[in-house]
Amino acid sequence: MKHKKYNFKIVIEQDEDGVFVAHVPAVPGCATQGINYEDALKNIEEALGLCLEVAKNDKDYADQIDFPSNKRVKPRFYGIIDLPITFSIPS
């Protein structure tokens with residue numbers, strides 16, 4: 001069996017309770033959390049491995065995954081911005 005190495009983009013955010021939440025935008029349902037950044041990173045690596053194991057036996061799920069390509073194609077855009085919005089909360 002030939003192995004191929006992929007580099008998936010991982011998003012890690014700290015929620016309002018201080019928990020680090022990680023997900024893989026290219027893999028539906030691939031998310032986890034950790035009490036710190038390192039735990040979240042370790043946990044998402046494990047979760048991604050499990051998701052890819054499922055994809056081996058579930059063609060429908062595998063078809064939903066946006067596998068990174070080694071070919072020189074236009075990269076998928078990911079962006080994080082601060083968007084200032086002014087609004088009033090009714091009293």
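Every number here is computed from the coordinates shown, using simple stated rules; none is lab data. Please read these numbers as outputs of a predicted model, since none were measured by experiment. Backbone-built Cβ (ideal geometry, glycine too); neighbour counts: all protein chains shown.
What's the extension gain from LEU50 to ILE80 if we count 0.36 nm per residue and subtract their Cα-Cα distance?
8.1 nm
Using +1 at the C-beta of Lys and Arg and -1 at the C-beta of Asp and Glu, which of LEU52, VAL19, TYR37 has the Cα lying farthest in the positive direction of the dipole of the chain?
Highest projection toward the positive end goes to LEU52.
Can you order the peptides 3-15, 28-40, 47-59, 79-91 by their average number of other Cβ atoms within 10 Å per residue, highest first?
My ranking of the peptides, most packed first, is 28-40, 47-59, 3-15, 79-91.
Given H placed on each backbone N at 1.01 Å, which residues far from GLN33 in sequence or on other chains put an amide H within less than 5 Å of it?
Those qualifying (amide H under 5 Å, at least 5 residues apart or on another chain) are ALA22.
State, as an integer percentage, the relative contact order of the chain based on alpha-carbon contacts under 8 Å between residues 6 or more apart.
Computed value for the chain: 20 percent relative contact order.
With +1 on each Lys and Arg Cβ and -1 on each Asp and Glu Cβ, and nothing else charged, work out how big the dipole of the chain is about its Cα centre, in Debye to the nearest 20.
920 debye
What are the ³J(HN,Hα) values, in whole Hz, obtained from phi via the Karplus relation 6.51 cos²θ - 1.76 cosθ + 1.60 with θ = phi - 60°, for each residue of segment 45-60 in sequence order, with x given for Gly and Pro?
After applying 6.51 cos²θ - 1.76 cosθ + 1.60, I find 5, 5, 4, 4, x, 5, 4, 5, 5, 4, 4, 4, 10, 10, 4, 4 Hz.
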